[in-house]
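J.: Structure below; questions to follow.
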Amino acid sequence: MAKERFDAPAQTVYERRLEQYTRKRPQEVLLVRAEIAGEPEEVVIFRGFASSLTRPTDPDPDVPVLPESARIIAIDRLRSPYDPEHPQYLETGLTIAAMTALLVEVGV
């Protein structure tokens, strides 16, 4: 799987688009696997809000969960509500290109 890298402003905009996607599709949860400074990161996005599963999340929703230096590796689509013990996957391992097509499909 090719690893795509965004420049800093594009990364923040992309996270916001993922949040908008989950507002339009509240029956879905996105699980984003990323890398920050060489360390793995998992972020869950649901109903317009992103939250880190591996490190503290800033309480201010305007502060991006994925820093500008983050690299998105893959995105999974899951059925809501998210249950980490029994996740219900709709699609796994989506690339940026595949997810972008879904974003366009819902108009974000």
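J.: Taking θ = phi - 60°, what integer Hz values does the Karplus form 6.51 cos²θ - 1.76 cosθ + 1.60 yield along the stretch 22-30, in sequence order, with x for Gly and Pro?
T.: Per residue, the Karplus-derived 3J(HN,Hα) values read 6, 6, 7, 10, x, 7, 10, 10, 9 Hz.
J.: Shape of the stretch 57-96 from its Cα gyration tensor (a ≥ b ≥ c, root eigenvalues): rounded if a/c is under 1.5, otherwise prolate when a/b > b/c, or oblate?
T.: Since a/c reaches 1.5 but b/c is at least a/b, the shape of the stretch 57-96 is classed as oblate.
J.: Let me ask something else about it. Which shape class, rounded, prolate or oblate, goes with the chain when its Cα gyration tensor gives a ≥ b ≥ c as root eigenvalues, a/c under 1.5 marks rounded, and past that a/b bigger than b/c marks prolate?
T.: The shape class here is rounded.
J.: If contacts are Cα pairs under 8 angstrom and at least 6 residues apart, what is the relative contact order of the stretch 19-60 in percent?
T.: 36
J.: Whole-Hz Karplus ³J(HN,Hα) for the stretch 40-49, in order, using 6.51 cos²θ - 1.76 cosθ + 1.60 and θ = phi - 60°, x for Gly and Pro?
T.: With the stated coefficients, the stretch 40-49 comes to x, 9, 10, 10, 9, 10, 8, 6, x, 10 Hz.
J.: Amide H of residue 28: which non-local residues (sequence gap of 5 or more, or other chain) have their own amide H closer than 5 Å, using H built in the peptide plane?
T.: 80
J.: Would you please give the residues with an amide H less than 5 Å from that of residue 53, counting only those at least 5 places away or on a separate chain, with H modeled from the backbone geometry?
T.: 42, 43, 44
J.: A follow-up question, please. Determine the calculated [θ] at 222 nm for the chain from helices alone, applying -39500 (n - 2.57) to every DSSP H run no shorter than 4 residues and normalising by the residue count; nearest 500 deg cm²/dmol. Before the final figure, lay out the partial values.
T.: Numbers: 2 runs with 28 residues, N = 108.
For the chain, the value works out to -8500 deg cm²/dmol.
J.: Is the stretch 33-72 best put as rounded, prolate or oblate by its Cα gyration tensor, with a ≥ b ≥ c the root eigenvalues, rounded for a/c under 1.5, and otherwise prolate when a/b is larger than b/c, oblate when not?
T.: Note, shape of the stretch 33-72 comes out prolate.
J.: Can you pull the accessible area of residue 60 for me, 1.4 Å probe, Å² to the nearest 10?
T.: Accessible area of residue 60: about 70 Å².
J.: Now for a separate question. Using Cα-Cα distances under 8 Å and only pairs 6 or more residues apart, what relative contact order does the chain have, in percent?
T.: For the chain, the relative contact order is 29 percent.
J.: Net charge around residue 84, counting only other residues with Cβ within less than 15 Å of its Cβ (Lys, Arg = +1; Asp, Glu = -1)?
T.: -2
J.: By average Cβ neighbour count within 10 Å, what is the ranking of 48-56, 28-36 from highest down?
T.: Answer by packing, highest mean first, reads 28-36, 48-56.
The values are calculated or read from the model by the stated rules, or taken from the named source; none is laboratory data. This one's a predicted model, so the numbers in the text were calculated from it and none came from an experiment. Cβ coordinates were reconstructed from backbone atoms using ideal geometry, including for glycine residues, and neighbour counts include every protein chain displayed. All accessible areas refer to the heavy atoms of the entire protein, side chains included, with ligands and DNA or RNA removed. Shrake-Rupley method; radii C 1.70, N 1.55, O 1.52, S 1.80 Å.
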